[in-house]
Amino acid sequence: MKLALVSDAWRPQINGVVRTLETTVGKLRQRGWTVETITPDLFRNIPCPSYPEIRLAIGAGREVGRRLVAFHADAVHIATEGPLGWAARRWCLDHGMPFTTSFHTRFPDYVALRTGLPPSWFWPVVRRFHAPATRIMAATRTLSEELAGQGLKQTHRWSRGVDLELFSPSAPMLAAMAGLPRPIQLYVGRVAVEKNIEAFLDAPVNGSKIVVGDGPARAHLAQRYPMAHFPGALHGAELASAYASADVFVFPSRTDTFGLVMIEALAAGTPVAAFPVHGPLDIVGDAKAMIGAMDEDLGAAIRKALAARPAACAAEGRRYSWDACTDQFVAGLSLPHTPEFRRAA
């Protein structure tokens, strides 16, 4: 099978969306699929204002179409609502090619945070983009319900996975975290306004606070919170050690659609503290599971999560398999044997 995957999110970005797409592409190729990735690095691009690591392709519409024509894909998946996503959407509609999309980012909420305008102003753009898709892949049940409430009812569950060989409670202590006052409270992710990191750093909980990651807010936060630790972005074994060395993983975002970092932390045996919002509700919502805690008072959530059971956290993390995630993705595609593909043909 041949898949054309179109995404405006790609290297050098480091985030859950890029890691999900790259891992899925890798799994598909292991299964014998031919995957053509249409990404900003293939085109003339410019840095996104305030997000320089995000590259925006410019003037790429005709070339996107040329690549899709030349590739003769069995399926087209459009992962993002950026310039490449819109160009691929236009080509598919013009040529009667069924396509699927995925909802990785709460675009209306992100733009609202940066403009001060209400999210409702931006939902019409999202609805227009996704409405023609045969299926919209969403990571959680609550996200699917939210999309249905916006009139986008053709959702398909596409969860996330964890590299269980890398993320585990047996990872060694990270040298930079050894000897820090306990409890060690860890954040991992992009350091930007929409991640609500101030809520974590302001939470009145003793111990040590670690912010792993990079982004436009890092310098400001490091200056404002001199007692916190900002080691920058960590990868591979170092990141796995950071998760395993922490006493609690804190997820302060209110706008993420899933939060891949939460299940990585759980796989490392580290409980999660979060607000009771989309993403955390789906992952740590069962209080009886003893894998974390949610509260509108984030400090209270952190203190409750410290009583969770590391063994239960690790067991929950092991439920998330990239192979099962890839199976879900394939099941959601519009392929030649699916009814909507035959109707379009």
State all residues of the stretch 279-297 that are surrounded by 23 or more Cβ atoms within 10 Å (Cβ to Cβ) and either over 21 Å from the mean Cα position of the chain (by Cα) or outside any strand (DSSP E or B) (or both); if no residue qualifies, say none. Gly279, Pro280, Ile283, Val284, Ile291
Residues of the stretch 141-158 classified as of a type in the set (S, T, N, Q), within 15 Å of Asp256 (Cα to Cα) and either buried (at least 21 other Cβ atoms within 10 Å of the Cβ) or out of contact with any Asp or Glu (no Cβ under 9 Å at 6 or more places or on another chain) (or both), total: 1
Filtered residue count, the stretch 186-212, keeping only those that are under 21 Å from the mean Cα position of the chain (by Cα) and assigned to a strand (DSSP E or B): 6
In the stretch 96-149, which residue that is part of a helix (DSSP H, G or I) and of a type in the set (Phe, Trp, Tyr) is farthest from Ser7 (Cα to Cα)? Trp121
Of the conditions (1) buried (at least 23 other Cβ atoms within 10 Å of the Cβ); (2) assigned to a helix (DSSP H, G or I), Cys325 satisfies every one except a single condition; which number is it? (1)
Among the listed residues Arg67, Arg31, which satisfies the condition of being of a type in the set (Lys, Arg), closer than 26 Å to His156 by Cβ and surrounded by 16 or more Cβ atoms within 10 Å (Cβ to Cβ)? Arg67
Can you tell me which residue within the stretch 244-278, out of those that are hydroxyl-bearing (Ser, Thr, Tyr) and part of a loop (DSSP other than H, G, I, E, B), is modelled with the lowest pLDDT? Thr257
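Pick out the one residue from Val76, Val25, Val35 that is touching a strand residue (DSSP E or B) at 6+ places or on another chain (Cβ under 6 Å), assigned to a helix (DSSP H, G or I) and in the same structural domain as His337 (by TED's automatic domain parsing).
Details: Val76 fails: assigned to a helix (DSSP H, G or I); Val35 fails: assigned to a helix (DSSP H, G or I).
Selected residue: Val25, the only one of Val76, Val25, Val35 that is touching a strand residue (DSSP E or B) at 6+ places or on another chain (Cβ under 6 Å), assigned to a helix (DSSP H, G or I) and in the same structural domain as His337 (by TED's automatic domain parsing).
Yes or no, residue by residue, for (1) basic (Lys, Arg); (2) at pLDDT below 95; (3) buried (at least 18 other Cβ atoms within 10 Å of the Cβ); (4) closer than 20 Å to Phe258 by Cα:
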| residue | (1), (2), (3), (4) |
| --- | --- |
| Tyr187 | no, no, yes, yes |
| Arg190 | yes, yes, yes, yes |
| Phe200 | no, no, yes, yes |
| Pro204 | no, no, no, no |
| Gly207 | no, no, no, no |
| Arg218 | yes, no, yes, no |
| Arg224 | yes, no, no, no |
| Ala228 | no, no, no, no |
| Glu238 | no, no, no, no |
Of (1) under 27 Å from Thr101 (Cα atoms); (2) modelled with pLDDT under 95, His130 satisfies all except one. Which? (2)
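The values are calculated or read from the model by the stated rules, or taken from the named source; none is laboratory data. Just so it is clear, the model here is predicted, and its values are computed rather than measured. With ideal geometry, Cβ positions are generated from the backbone for all residues, glycine too; neighbour counts draw on all protein chains shown.
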